[in-house]
1. For the stretch 48-102 and the stretch 125-144, compute the distance between their C-alpha centroids and round to whole Å.
2. When the Debye formula is applied to the Cα atoms of the chain, each taken as the same point scatterer, what base-10 log of I(q)/I(0) results at q = 0.14, 0.15 Å⁻¹?
3. Report Rg(Cα)/(2.2 N^0.38 Å) for the stretch 1-81, keeping two decimals.
4. Among THR127, THR103, SER81, whose Cα projects farthest towards the positive end of the dipole of the chain, with charges put on the beta-carbon of Lys, Arg (+1) and Asp, Glu (-1)?
5. To the nearest 0.05, how large is the calculated FRET efficiency for ARG132 and THR103 if R₀ is 41 Å and r is the Cβ-Cβ distance?
6. Pairing the Cα long axis of helix 2-143 with the longest principal axis of the chain, what angle in degrees results, from 0 to 90 and rounded to the nearest 10?
7. Might you tell me the accessible area per residue for the chain, computed with a 1.4 Å probe and given in Å²?
8. On the full set of protein chains, 1.4 Å probe, figure out the accessible area of THR79 and give it in Å² to the nearest 10.
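The values are calculated or read from the model by the stated rules, or taken from the named source; none is laboratory data. Keep in mind that what you see is a predicted model, and the values were worked out from it rather than measured. Glycine also receives a Cβ, built like all others from the backbone with ideal geometry; neighbour counts cover every protein chain displayed. Side chains are part of the model used for accessible areas, which takes the heavy atoms of the whole protein and leaves out ligands, DNA and RNA. Shrake-Rupley method; radii C 1.70, N 1.55, O 1.52, S 1.80 Å.
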Amino acid sequence: TESAQRTESAQRTESAQRTESAQRTESAQRTESAQRTESAQRTESAQRTESAQRTESAQRTESAQRTESAQRTESAQRTESAQRTESAQRTESAQRTESAQRTESAQRTESAQRTESAQRTESVQRTESVLRTESVLRTVTKES
């Protein structure tokens, strides 16, 4: 009977030890699973953060490139507009100069024509005066 009791006690002890070992194993497995889950969540969170940062950086780069392109376009348009304005001003100035030169040339031509006409008139008048004088002298000579 004592031997049976010792056997039964030993069996209960062994069973308790097996139960405790199983519980420790299960607890360790739950802890390991929780740690793996937490590590995976941290990894996923870090990947999402990195992806968000890359997306934000790409968006900032794209925005900066669009801004730079717009500034270059605006600068080119201002340069082109300034060049067109300058060209128009040079053309207008050249046209005014040409018009002034044509006016001056026309005035010189008109003045020369008036001078020539006045000289011809004066020459005709001198000739007529000489002819009249000669006619008077011939008349006086005949009468005397």
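1. 88
2. -1.01, -1.04
3. Values: Rg = 34.4 Å, N = 81, 2.2 N^0.38 = 11.7 Å.
Normalised Rg, Cα atoms only: 2.95.
4. Positive-end residue among those listed: THR127.
5. Numbers: r = 43 Å, r/R0 = 1.04.
According to the calculation, E is roughly 0.45.
6. Here the helix axis deviates by roughly 0 degrees.
7. Details: 12780 Å² over 144 residues.
Accessible area per residue: 89 Å².
8. 70
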